[in-house]
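Have a look at the structure below, then the notes.
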Amino acid sequence: MPDKKVFLIDGNSQAYQAYYAIKSGLTAPDGLPTNAVYGFTAMLQKIIREKKPDYIAVAFDTAAPTFRHELFTDYKANRKPMPDDLFAQLEWIRNVLAGYRIPVFAVDGYEADDVLGTLALASAKNGLTAVIVTRDKDALQLLSDAVMAWDNKKDSYITVESLAEEMRITPDQVVEMMALSGDATDNVPGVPGIGPKTALALIQKYRTLENVLAHVDEISGEKTRENLRAHAADARESKRLVTIDTAVPLEID
């Protein structure tokens, strides 16, 4: 792998993680809640101090609908609104990042995952190792010889090799697996009755969604076969929903 590293942080994911990890009650003198700001800043300082990255960038979602909402109107429909006391801290998290002179990227019509994927690909093309800071399994589809993920809670890296060792799949098969299992967090339907374990087993054996559908008669369980036949279109749509767009229009210095 290249020697120089760029750490690419999922801002929304890390803000939520900090907010729920640290008990509320921390406030500024004016009463502004600061638990998420504190936790986010501690995570940032840990990266700078221990990982010593050559570059850092942060991606945030925007309030605008994304292309996924156009594909599927119920996308993320089950998500609760961001807590008011977390929303109030986002500006201050951005102020912290500005203080560190860390660039922030956010593009209407795209999610932070798409921005991170685009930045990771661009970084790899420019001879850097990209480290995506997120706990979202969607990001595993981006892994390559020059792209890895880092779970800051566990302080562990996920690479192409570790993915193959732990799950016996390749990065491009992550979307094939999620097409079958869906993603409850984002209200991605998948196929009813097929959870992550079954989806993983099917992809380990058949390698792709289309190959699973082509061999549906071989699959054990009458109900599973029925659901695969009846919800093939849902699975294909789910695959489009979980596929990260790595061509977001960005101006990168």
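A few points about this structure:
- Relative contact order of the chain, taken over Cα pairs closer than 8 Å and 6 or more residues apart, is 20 percent.
- Amide hydrogen neighbours beyond the local backbone of I9, cut-off 5 Å, H modeled: A57, V58, A59, V133
- Accessible area in the full protein assembly, largest first, 1.4 Å probe, for K51, K153: K153, K51
- Accessible surface computed residue by residue for the range 114-239, with neighbouring protein chains in place and a 1.4 Å probe, gives 45 Å² per residue.
- Take every pair of alpha-carbon atoms less than 8 Å apart whose residues are at least six positions apart; their mean separation over the length of the range 119-173 yields a relative contact order of 28 percent.
- For the range 68-162, the spherically averaged projection of the C-alpha convex hull amounts to 8.2 nm².
- Karplus-based coupling profile of the range 78-92, in residue order and whole Hz: 8, 6, 6, x, 4, x, 4, 6, 7, 4, 5, 8, 4, 4, 6, with θ = phi - 60° in 6.51 cos²θ - 1.76 cosθ + 1.60 and x standing for Gly or Pro.
- Net length gained if the chain between S24 and R240 were fully extended (0.36 nm per residue, minus Cα distance): 74.0 nm
- Full-extension gain in nm, L71 to V216, via 0.36 nm per residue minus C-alpha separation: 49.6 nm
- Rounded, prolate or oblate (a/c below 1.5 giving rounded, otherwise prolate when a/b exceeds b/c) for the range 45-122 by Cα gyration tensor: oblate
- Protein-only accessible surface at a 1.4 angstrom probe places the residues W92, W150 in the order W92, W150, largest first.
- Principal-axis tilt of helix 11-21 within the chain, Cα atoms, nearest 10 degrees: 80
- Whole-angstrom Cα spans of the range 62-107 along principal axes, big to small: 38, 23, 10
- Computed from Cα atoms, the angle from the helix 196-206 axis to the main principal axis of the chain rounds to 60 degrees.
- Each distinct pair of alpha carbons in the range 169-253 adds a 1/r term; the inverse of their mean, the Kirkwood radius, is 13.2 Å.
- Isotropic mean projected area of the C-alpha convex hull, the range 98-222 (nm²): 9.8
- With 5 Å bins beginning at zero, the pair-distance distribution over Cα atoms of the range 206-253 amounts to 5, 18, 22, 18, 10, 7, 6, 6, 4, 3, 1 %.
- Model label sites at R168 and V104, defined 7 Å from Cα along the beta-carbon direction, differ in position by 4.5 nm.
- ³J(HN,Hα), Karplus 6.51/-1.76/1.60, whole Hz, each residue of the range 240-253, x for Gly, Pro: 5, 5, 8, 6, 6, 7, 9, 10, 5, x, 10, 9, 10, 7
- Karplus-derived HN-Hα couplings along the range 96-106 (A = 6.51, B = -1.76, C = 1.60, θ = phi - 60°), whole Hz, x at Gly and Pro: 4, 4, 5, x, 7, 6, 9, x, 10, 10, 7
- Legend: residues T185, T159, T243, sorted from most to least accessible area (1.4 Å probe; ligands, DNA and RNA excluded), read T185, T243, T159.
- Option label - mean projected area of the Cα convex hull in nm² computed here, alternatives (i) 13.3; (ii) 14.5; (iii) 16.0: (ii)
The values are calculated or read from the model by the stated rules, or taken from the named source; none is laboratory data. It should be emphasised that the depicted structure is a prediction, and the values quoted were computed from it without experimental measurement. Heads up, the Cβs are rebuilt from the backbone with ideal geometry, glycines too, and the neighbour counts pull from every protein chain shown. Note: areas computed on protein heavy atoms with side chains; ligands, DNA, RNA excluded. Shrake-Rupley method; radii C 1.70, N 1.55, O 1.52, S 1.80 Å.
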